[in-house]
Every structure is written in structure tokens, then in C-alpha cells.
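A.B. asks: Can you read through this structure? Questions will come right after.
The values are calculated or read from the model by the stated rules, or taken from the named source; none is laboratory data. Since we're looking at a predicted model, the values are computed, not measured. For neighbour counting, all protein chains shown are included, and Cβ atoms are generated from backbone atoms with ideal geometry for every residue, glycine included.
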Amino acid sequence: MEAVLWYVFTGTRGGPNRARILRAVEQRPRNTNQLADALDLDYKTVQHHLEVLLENDIVQNSGDEYGAVYLPSERVRSHQDTVQTIFEQLDGFDANGSTEATE
């Protein structure tokens with residue numbers, strides 16, 4: 001699971017947005033529309049990232065497809081230390097994957 005987490009969040013262009021989505025559903029379960037609004041992302045973009053997160057057992061959903069609410073999977077909760085390490089690494093990069101300059 002650790003390798004999957006590293007790949008999904010750091011090995012792909014969509015990793016930073018997937019991390020934002022996971023952080024949001026860790027705060028409280030949300031549906032696709034709520035995530036799009038909260039993260040200022042296009043609905044279809046959020047939908048795509050949720051599909052990737054579901055396929056990799058990083059989030060789970062409850063309810064029907066349209067109104068489904070997403071939350072972290074039990075599997076990802078058991079690897080919370082790895083998730084935190086990944087988030088800390090991502091926090092040091094900007095949206096383009098470059099290290100942020102600190103003065």
C-alpha cells in the first residue's frame with residue numbers, strides 16, 4: 001500500500017489535487033460537488049481524481065453514485081504515517097512541482 005500511496009500522490013501530475021481531496025475528506029466526508037466547491041476545482045476534475053482514489057482503495061464512498069459521500073478508506077487510515085510523510089513532502093512544492101523559494 002505504501003508504494004501505491006507514493007505513486008498516486010507523487011508519481012503523477014494529479015497527485016497534488018488528489019492529496020487536497022484526501023485532506024478534505026479526512027476533515028469531514030463530502031460528496032463530489034462539495035469537494036469541487038471547497039477546493040475550487042472543476043466538478044469533472046474532482047470526479048476523475050475520486051475515481052483514481054477509489055480504484056487504489058484510498059477513499060471509499062457511501063450512498064448512490066450521484067450523491068455518494070467520500071471518506072478515507074480503512075486501508076489508508078492504517079497507513080496514516082505514510083500519508084503524513086507524503087503530505088509534508090508535497091507541502092514543500094508548488095503547483096508545478098518545483099520547490100518553493102524561501103527567503
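A.B. asks: Do the conditions hold for residue 36, that is, is it in contact (Cβ under 8 Å) with a residue 60 or more places away in the chain, part of a helix (DSSP H, G or I) and touching a helix residue (DSSP H, G or I) at 6+ places or on another chain (Cβ under 6 Å)? Break it down into steps so the answer makes sense when it comes.
C.D. replies: On the way: in contact (Cβ under 8 Å) with a residue 60 or more places away in the chain: no; part of a helix (DSSP H, G or I): yes; touching a helix residue (DSSP H, G or I) at 6+ places or on another chain (Cβ under 6 Å): yes.
No.
A.B. asks: If you scan the stretch 4-30, which residues turn out to be closer than 17 Å to residue 71 by Cβ and buried (at least 17 other Cβ atoms within 10 Å of the Cβ)? Don't jump to the end; show me each part of the working.
C.D. replies: Of the residues in the stretch 4-30, the ones closer than 17 Å to residue 71 by Cβ are 5, 8, 18-30.
Across the stretch 4-30, the qualifying residues are 5, 8, 18, 19, 20, 21, 22, 24, 25, 29, 30.
A.B. asks: Can I ask one more? Pick out the one residue from 102, 10 that is at pLDDT below 95, of a type in the set (S, T, N, Q) and more than 12 Å from the chain's Cα centre (by Cα).
C.D. replies: On the way: 10 fails: more than 12 Å from the chain's Cα centre (by Cα).
Only one candidate passes the filter, namely 102.
A.B. asks: Of all residues in the stretch 38-63, which are in contact with a strand residue (DSSP E or B) (Cβ under 9 Å, 6 or more places away or on another chain) and farther than 19 Å from residue 80 by Cα?
C.D. replies: Pass one, the stretch 38-63, residues in contact with a strand residue (DSSP E or B) (Cβ under 9 Å, 6 or more places away or on another chain): 38, 50, 53-54, 58-63.
Once the filter is applied, which keeps residues that are in contact with a strand residue (DSSP E or B) (Cβ under 9 Å, 6 or more places away or on another chain) and farther than 19 Å from residue 80 by Cα, the stretch 38-63 yields 38, 62, 63.
A.B. asks: Filter the stretch 33-60 down to the residues that are among the polar types (S, T, N, Q) and more than 16 Å from residue 72 (Cβ to Cβ) and list them by number. Can you show your working first?
C.D. replies: Taking the stretch 33-60 as the starting set, the residues that turn out to be among the polar types (S, T, N, Q) are 33-34, 45, 47, 56, 60.
Matches in the stretch 33-60: 33, 45, 47.
A.B. asks: Another question, then. Kindly evaluate residue 25 against the criterion of being under 17 Å from residue 60 (Cβ atoms), over 12 Å from the mean Cα position of the chain (by Cα) and not in a loop (DSSP other than H, G, I, E, B). Steps first, please.
C.D. replies: Working: under 17 Å from residue 60 (Cβ atoms): yes; over 12 Å from the mean Cα position of the chain (by Cα): no; not in a loop (DSSP other than H, G, I, E, B): yes.
It is false that residue 25 is under 17 Å from residue 60 (Cβ atoms), over 12 Å from the mean Cα position of the chain (by Cα) and not in a loop (DSSP other than H, G, I, E, B).
A.B. asks: May I ask you to list the residues in the stretch 39-52 that are without any contact (Cβ under 8 Å) to a residue 12 or more places away in the chain and either hydroxyl-bearing (Ser, Thr, Tyr) or not in a helix (DSSP H, G or I) (or both)? Talk me through it step by step, then tell me what you get.
C.D. replies: Of the residues in the stretch 39-52, the ones without any contact (Cβ under 8 Å) to a residue 12 or more places away in the chain are 40, 42-44, 51.
Selection gives 40, 42, 43.
A.B. asks: Picking from 32, 12, which residue would you name as being among the polar types (S, T, N, Q) and within 18 Å of residue 91 (Cβ to Cβ)?
C.D. replies: Numbers: 32 fails: within 18 Å of residue 91 (Cβ to Cβ).
The unique qualifying residue is 12.
A.B. asks: Could you tell me which residue of the stretch 54-67 is farthest from residue 2 (Cα to Cα), considering only residues that are touching a residue at least 24 places away in the same chain (Cβ under 8 Å) and touching a Pro at 6+ places or on another chain (Cβ under 9 Å)?
C.D. replies: Among those that are touching a residue at least 24 places away in the same chain (Cβ under 8 Å) and touching a Pro at 6+ places or on another chain (Cβ under 9 Å), it is 62.
A.B. asks: Of (1) farther than 20 Å from residue 91 by Cα; (2) aliphatic (A, V, I, L, M); (3) surrounded by 17 or more Cβ atoms within 10 Å (Cβ to Cβ), residue 1 satisfies all except one. Which?
C.D. replies: Among (1) farther than 20 Å from residue 91 by Cα; (2) aliphatic (A, V, I, L, M); (3) surrounded by 17 or more Cβ atoms within 10 Å (Cβ to Cβ), residue 1 violates only (3).
A.B. asks: Kindly check whether there is at least one residue in the stretch 52-72 that is surrounded by 19 or more Cβ atoms within 10 Å (Cβ to Cβ) and farther than 23 Å from residue 91 by Cβ.
C.D. replies: Among the residues of the stretch 52-72, at least one is surrounded by 19 or more Cβ atoms within 10 Å (Cβ to Cβ) and farther than 23 Å from residue 91 by Cβ, which makes the answer yes.
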